[in-house]
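Report on the structure given below.
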Amino acid sequence: MSEGKTTVYFVRHARPDYSCEDDRNMPLTAEGKADAVIVAEVLKNVSFDMCISSPYVRTQQTIKPTCDQKKLTLRTDERLKERVRGKLGNQGDELQRRRWLDFDFHEPQGESMNSLQKRNISALTDILLRYTGQTILFSTHGAALSAILNFYDDTFGYQNFKRLEMFTPYILKVTFGMNQNLIDQSEILIIDKSEGLA
């Protein structure tokens, strides 16, 4: 890799068990665990310098086979957790659309897209500064990744988020420049469940 360029493989988690009401500890389903093995297979020829994940169980389980295969230490950062769901959770397209139209809007006890974006970008910026020129495995969530992509391209909006929401797991390879600017991106893996998962 050219000096100064940093490559991040963003991995959106595999299918979780939505019967678990504890968002942080929601595990992958058997199908999700099988798809996590596919993630490892797709990434088998990539050499990673470090691995960072949301602290949520489903994101860690999604990249565990990859970490095991490559003997990577899996680090977590609390800033990378998914959007905090309030009393209304993710109920319906209307609420989701409203969050994208107004980044400061949030349901009672929930978190706005603005807050989600700021803490994820804060963590990502720290990583890009510390690991400049390296290759990073980054395990994340649908809304969190969408908020990150919107930060670099404000045309990434609600419809883009709804498309990404169908993919679980999903891998996006992104190249950043010396000034932490996004240079290039390409989709590496799309597993389309077509069920509007959050």
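The lone criterion from (1) assigned to a helix (DSSP H, G or I); (2) under 25 Å from GLU41 (Cβ atoms); (3) out of contact with any strand residue (DSSP E or B) (no Cβ under 6 Å at 6 or more places or on another chain); (4) open to solvent by less than 30 Å² (accessible area, probe 1.4 Å) left unmet by ASP68 is number (4). Among the residues of region 45-97, the one identified as of a type in the set (D, E, K, R), under 20 Å from GLU31 (Cα atoms) and more than 19 Å from the chain's Cα centre (by Cα) is ASP68. Per this entry, LEU137 is counted among residues that are within 19 Å of ASP77 (Cβ to Cβ) and open to solvent by less than 50 Å² (accessible area, probe 1.4 Å). Here SER186 passes the criteria (1) outside any helix (DSSP H, G or I); (2) open to solvent by less than 10 Å² (accessible area, probe 1.4 Å); (3) free of Cβ contacts under 8 Å to residues at least 40 places away in the same chain except the one numbered (2). So is GLU107 open to solvent by 70 Å² or more (accessible area, probe 1.4 Å) and not β-branched (Val, Ile, Thr) or not? No, not satisfied. Only one entry in SER194, SER115 is more than 12 Å from the chain's Cα centre (by Cα), under 18 Å from SER54 (Cα atoms), free of Cβ contacts under 8 Å to residues at least 60 places away in the same chain and open to solvent by 10 Å² or more (accessible area, probe 1.4 Å), namely SER115. Summed over region 71-90, the residues that are in contact with a Ser or Thr (Cβ under 8 Å, 6 or more places away or on another chain), open to solvent by 40 Å² or more (accessible area, probe 1.4 Å) and not in a loop (DSSP other than H, G, I, E, B) give a count of 4.
Each row is one residue, and each column tells you yes or no for (1) in contact with a Gly (Cβ under 9 Å, 6 or more places away or on another chain); (2) more than 11 Å from PRO169 (Cα to Cα); (3) among the aliphatic types (A, V, I, L, M); (4) assigned to a helix (DSSP H, G or I).
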position	(1), (2), (3), (4)
VAL11	no, no, yes, no
ALA14	yes, no, yes, no
TYR18	no, yes, no, no
GLU21	no, yes, no, no
VAL39	no, no, yes, yes
SER47	no, yes, no, no
ARG58	yes, no, no, yes
GLN61	yes, yes, no, yes
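The values are calculated or read from the model by the stated rules, or taken from the named source; none is laboratory data. Keep in mind it's a predicted model, so treat the numbers as computed, not measured. Positions of Cβ are backbone-derived with ideal geometry, glycine not excepted, and every protein chain shown enters the neighbour counts. With ligands, DNA and RNA removed, areas are computed over all heavy atoms of the protein, side chains included. Shrake-Rupley method; radii C 1.70, N 1.55, O 1.52, S 1.80 Å.
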